[in-house]
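As structure tokens, the structure follows; a few thoughts come after it.
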Amino acid sequence: MHKIEIQTVPFTGQKPGTSGLRKKVTEFQQTHYLENFVQAIFNAIGPTQGETLIIGGDGRYYNSKAIQIIIKMAAANGFAKLLIGQDGILSTPAASCLIRKYKTFGGVILSASHNPGGPTEDFGIKFNGDNGGPATESVTDKIYSQTLKLNHYFTLDRQDINLSELGTHKILDTEVEVIDPVTDYADMMMGIFDFDKIKSLLERDDFKLSIDAMHAVNGPYATEIIEHRLGACKGSVINAIPLTDFGGGHPDPNLVHAHELVSLINEDQSMNFAAAFDGDGDRNLLLGHNFYINPCDSLAVITANAHLIPGYASGISGVARSMPTSRAVDRVASVMNIHCYETPTGWKFFGNLLDAKKITFCGEESFGTGSSHIREKDGLWAVLFWLNLIAEKSSQDSNTSVKKIVEEHWRQFGRDYFTRHDYESIDSSNAQNMFSELKEKLNELEGRKFNGLNVISADNFQYCDPVDGSVTKDQGVRIFLENDSRIVYRLSGTGTAGATLRLYIDQYDDNPDMEDNDPQKVLSKLIIAADEIAGIREFTGRKSPDVIT
Ligand code: VG1
Ligand code: CO
């Protein structure tokens, strides 16, 4: 077995987006494509000699092939130890947990998250640093500049190793250990939540739940935690076996892609709670019977009830949300007298705040919620938080429900109606033109009326990190209007075909109607105003969005 140096030429377009490099599988399959990016990571973060690296992914098509390539390259680049999830499986939260628990140098996570998988679908790769979080902008910039100049990479001439059996292998001077992907993560959850209390809730005859792993990575995690450790009956976790194409589905846990689960809970009178995750297990969709918990509200409810959960009972330091996320959590923070930070979209912006202990909880409207226990959003953590909360609340009210908890929250804090409209795979140059025009007229919008609504102010969001002072510009256009309402426009940084426009709309109501309250209806005037301001229909040629959440 030898270390070999392979000559290569740079690929343009290996710039990491919101969460790593995401491309079609076929693009990753080009000779040297993945290798170049991996060597760029190692060059950017090095020296790598003597370090330990975590490697794993969401099990999608090309996961195992990519892992074998990375193992050889990591060994050739001098890593002392590699910890790899069995069968190449690690959920994103579990990878973050392992990086922190074993105090490693970092991890390489293979995932395209909520994007579909399969030979013609998407693949992705990202690097997380020693805090367990996605590489910061300065690191991803370094990786990108390496991709533009490297001319060789290192690998080994050696056969693949068997990843389906636990155990240790020695390749060159590197120890490669295949570990159980679930145990450390499940143990960590037991240290945060009251498992006995949740167990008694799940034992009740009148409490039934369904957890949809969508044939993605969280299947084994949810089965171990929900069925084995918490004793939910067998079959409570559905679509539990990870498949390379997610069973042909779209592992994006929202009302559109998880519609089967939505019908399941709404049609079954006895079902009280349901949840789904995305491809890599970091997102969560939470449902009660005939009730959907908007992720923005979930973050607010979590913050308001932190004292009821053992892991947070001693107090929380602050909270953060991504800019497009509704301001529901801000209202709780203000009552609790803690700071609420507003960051650009993407979990990498929460890392510094968490490391500096400025925040305990953070979240995004895109079904991402998490805490200081790791440095990624965490789907199962959110589910366990809610189960623990329901269990606590039911000691005071045996008829409590998800709906009751959220409505009670709205009564106390008021409600931030929220919706996101996605226009997918639109023509990139049309999208660029729409944004250029919108940015050009930002200064003229103040004081003007659109669909009868007054614009109070407008800007292009920029963020100055309060910990390291770094400035990130051009993170989305914000229009603030009368009645405490807001319209936000940005382009997705995770797509692989054309451009995806995300339109976010929210409005506050301090005395919300609990019955007649469909956000699409409540926000309808703003939705029309959003089109008037930016000319969405005209630029995209679309009459309506592809996905509404
Ligand atoms: C989307 C979401 C963003 C999230 C990101 C990664 O990014 O909007 O909130 O952090 O996906 O999530 P974008 O740039 O497409 O809007 V995951 O679960 O796909 O890693
Ligand atoms: Co994800």
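Numbers at a glance
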item	result
Residue tally, condition surrounded by fewer than 19 Cβ atoms within 10 Å (Cβ to Cβ), outside any strand (DSSP E or B) and either at pLDDT below 95 or touching a strand residue (DSSP E or B) at 6+ places or on another chain (Cβ under 6 Å) (or both), over the stretch 452-466	1
Residue match in the stretch 18-29 (condition: open to solvent by less than 20 Å² (accessible area, probe 1.4 Å), among the polar types (S, T, N, Q) and more than 22 Å from residue 181 (Cβ to Cβ))	no
Checking residue 117 against (1) in the same structural domain as residue 37 (by TED's automatic domain parsing); (2) open to solvent by 50 Å² or more (accessible area, probe 1.4 Å); (3) closer than 30 Å to residue 256 by Cβ, the condition it does not meet	(2)
Set 50, 56: member being within 16 Å of ligand 1 (Cβ to nearest atom) and not in a helix (DSSP H, G or I)	56
Unique residue being assigned by TED's automatic domain parsing to the domain that holds residue 222 and without any contact (Cβ under 8 Å) to a residue 12 or more places away in the chain when the list is 315, 346, 351, 379	315
Only one of 534, 529, 458, 497 that is of a type outside the set (D, E, K, R) and within 17 Å of residue 323 (Cα to Cα)	458
Positions within the stretch 386-421 being over 28 Å from residue 484 (Cβ atoms) and of a type outside the set (D, E, K, R), in sequence order	387, 388, 390, 391, 394, 395, 396, 398, 399, 400, 401
Some residue of the stretch 386-396 being buried (at least 24 other Cβ atoms within 10 Å of the Cβ), under 23 Å from residue 345 (Cβ atoms) and among the aliphatic types (A, V, I, L, M)	no
Subset tally (residues that are over 17 Å from residue 213 (Cβ atoms) and of a type in the set (Gly, Ala, Ser)) for the stretch 49-87	8
Among (1) out of contact with any Pro (no Cβ under 7 Å at 6 or more places or on another chain); (2) crowded, with 23+ Cβ neighbours inside 10 Å - the single one residue 369 does not satisfy	(1)
Cβ pairs under 7 Å, 6+ apart, first in the stretch 479-502 and among the charged types (D, E, K, R), second open to solvent by less than 10 Å² (accessible area, probe 1.4 Å) and more than 10 Å from ligand 1 (Cβ to nearest atom)	486/479; 486/506
Pair list, Cβ < 7 Å and 6+ apart or interchain, from the stretch 119-140 residues that are of a type in the set (Phe, Trp, Tyr) to residues that are open to solvent by 20 Å² or more (accessible area, probe 1.4 Å)	123/23; 123/62; 127/45
Test result for residue 276, open to solvent by 20 Å² or more (accessible area, probe 1.4 Å) and either modelled with pLDDT of 95 or more or within 16 Å of ligand 1 (Cβ to nearest atom) (or both)	no
Residues satisfying the stated conditions in the stretch 491-538, i.e. open to solvent by 40 Å² or more (accessible area, probe 1.4 Å) and closer than 28 Å to residue 20 by Cα	491, 495, 496, 497, 498
Filter result for residue 85 (at pLDDT 95 or above, crowded, with 21+ Cβ neighbours inside 10 Å and more than 22 Å from residue 369 (Cα to Cα))	yes
Within the stretch 167-190, considering residues that are open to solvent by less than 10 Å² (accessible area, probe 1.4 Å) and in contact with a Ser or Thr (Cβ under 9 Å, 6 or more places away or on another chain), the one nearest to residue 228 (Cα to Cα)	185
Qualifying residue in the stretch 47-63 (condition: under 24 Å from the mean Cα position of the chain (by Cα), more than 16 Å from ligand 2 (Cβ to nearest atom) and over 21 Å from residue 172 (Cα atoms))	yes
Test: residue in the stretch 321-332 that is more than 25 Å from residue 417 (Cβ to Cβ) and either assigned to a loop (DSSP other than H, G, I, E, B) or open to solvent by 10 Å² or more (accessible area, probe 1.4 Å) (or both)	no
Conditions (1) open to solvent by 40 Å² or more (accessible area, probe 1.4 Å); (2) assigned to a helix (DSSP H, G or I); (3) touching a helix residue (DSSP H, G or I) at 6+ places or on another chain (Cβ under 6 Å); number of the one not met by residue 64	(3)
The listed residue being under 19 Å from the mean Cα position of the chain (by Cα), among the hydrophobic types (A, V, I, L, M, F, W, C) and in the same structural domain as residue 33 (by TED's automatic domain parsing), out of 161, 109, 143	109
Those residues of the stretch 299-315 which are closer than 17 Å to residue 354 by Cβ, open to solvent by 10 Å² or more (accessible area, probe 1.4 Å) and under 22 Å from the mean Cα position of the chain (by Cα), in sequence order	311, 312
Subset tally (residues that are in contact with a strand residue (DSSP E or B) (Cβ under 8 Å, 6 or more places away or on another chain) and within 22 Å of residue 528 (Cβ to Cβ)) for the stretch 431-449	11
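So that you can scan it fast, the table gives a plain yes or no per residue for (1) in contact (Cβ under 8 Å) with a residue 40 or more places away in the chain; (2) touching a Phe, Trp or Tyr at 6+ places or on another chain (Cβ under 6 Å):
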position: 156; (1), (2): yes, no
position: 162; (1), (2): no, no
position: 169; (1), (2): no, no
position: 173; (1), (2): yes, no
position: 182; (1), (2): yes, yes
position: 186; (1), (2): yes, no
position: 192; (1), (2): yes, no
position: 195; (1), (2): no, no
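A quick yes/no check of all residues on (1) modelled with pLDDT of 95 or more; (2) within 16 Å of ligand 2 (Cβ to nearest atom); (3) in contact with an Asp or Glu (Cβ under 8 Å, 6 or more places away or on another chain); (4) of a type in the set (D, E, K, R):
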| site | (1), (2), (3), (4) |
| --- | --- |
| 379 | yes, yes, yes, no |
| 383 | yes, yes, no, no |
| 396 | no, no, no, no |
| 412 | yes, no, no, no |
| 424 | no, no, yes, yes |
| 428 | no, no, no, no |
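The values are calculated or read from the model by the stated rules, or taken from the named source; none is laboratory data. It should be emphasised that the depicted structure is a prediction, and the values quoted were computed from it without experimental measurement. Don't worry about glycine lacking a Cβ; one is built from the backbone with ideal geometry, like all the others, and counts go over all protein chains shown. Side chains are part of the model used for accessible areas, which takes the heavy atoms of the whole protein and leaves out ligands, DNA and RNA. Shrake-Rupley method; radii C 1.70, N 1.55, O 1.52, S 1.80 Å.
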